[in-house]
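What follows is a set of notes on a single structure, which appears directly below.
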Amino acid sequence: VVRRAATEGPTSARVIEVLGLTDRVRDQSGLDALARQRNLTEAVLVRRRHRRLIDSRTVLLVDDLVTTGASLAAAAAALRRAGARAVLGVTMGATLRKVAAGPGAD
């Protein structure tokens with residue numbers, strides 16, 4: 001969907017999968033927010049062959065689902081380390097956070 005929207009519209013956008021993961025990343029399901037953040041810290045990287053494409057450019061980061069934001073934050077950090085001028089993020093959906101009901105909750 002994203003690729004089609006980027007290439008069919010009146011823009012000069014290109015859709016390129018520039019990010020990769022190190023071997024040390026474990027499955028995120030079942031991890032809380034802090035564990036997800038620790039799991040991804042320094043684990044997302046820009047593929048060497050794509051580094052020149054993002055240097056000094058604005059990058060649109062597309063993710064399918066936001067749970068805690070750890071994946072988006074780690075990806076944005078990797079893009080900034082690789083020289084992106086700005087990183088904008090968009091997601092297709094988000095999970096609902098479970099919150100304990102307090103006084104006055106319906």
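The values are calculated or read from the model by the stated rules, or taken from the named source; none is laboratory data. Only a predicted model underlies this, so the values are computations on that prediction, with no experimental measurement involved. Here Cβ is always computed from backbone atoms with ideal geometry, including for glycine, and neighbour counts include all displayed protein chains. These area figures cover heavy atoms from the full protein model, side chains too; ligands, DNA and RNA do not enter into them. Shrake-Rupley method; radii C 1.70, N 1.55, O 1.52, S 1.80 Å.
Could you count how many residues in the range 78-93 are assigned to a loop (DSSP other than H, G, I, E, B) and out of contact with any helix residue (DSSP H, G or I) (no Cβ under 7 Å at 6 or more places or on another chain)?
Qualifying residue count, the range 78-93: 3.
Could you tell me whether the range 40-59 includes any residue that is over 14 Å from the mean Cα position of the chain (by Cα), modelled with pLDDT under 85, loosely packed, with under 12 Cβ neighbours inside 10 Å and basic (Lys, Arg)?
no
Pairs under 6 Å by beta carbon, first residue more than 19 Å from His50 (Cα to Cα) in the range 60-84, partner of a type in the set (Val, Ile, Thr) and surrounded by fewer than 20 Cβ atoms within 10 Å (Cβ to Cβ), six or more apart or different chains?
Matching pairs, first to second residue: Val66/Thr91; Thr67/Thr95.
Please go through the range 11-39 and pick out each residue that is closer than 18 Å to Arg80 by Cα, assigned to a loop (DSSP other than H, G, I, E, B) and open to solvent by 100 Å² or more (accessible area, probe 1.4 Å).
Scanning the range 11-39 gives a single hit, Glu17.
Within the range 60-77, how many residues are part of a helix (DSSP H, G or I) and either among the polar types (S, T, N, Q) or surrounded by fewer than 18 Cβ atoms within 10 Å (Cβ to Cβ) (or both)?
The qualifying residues number 3.
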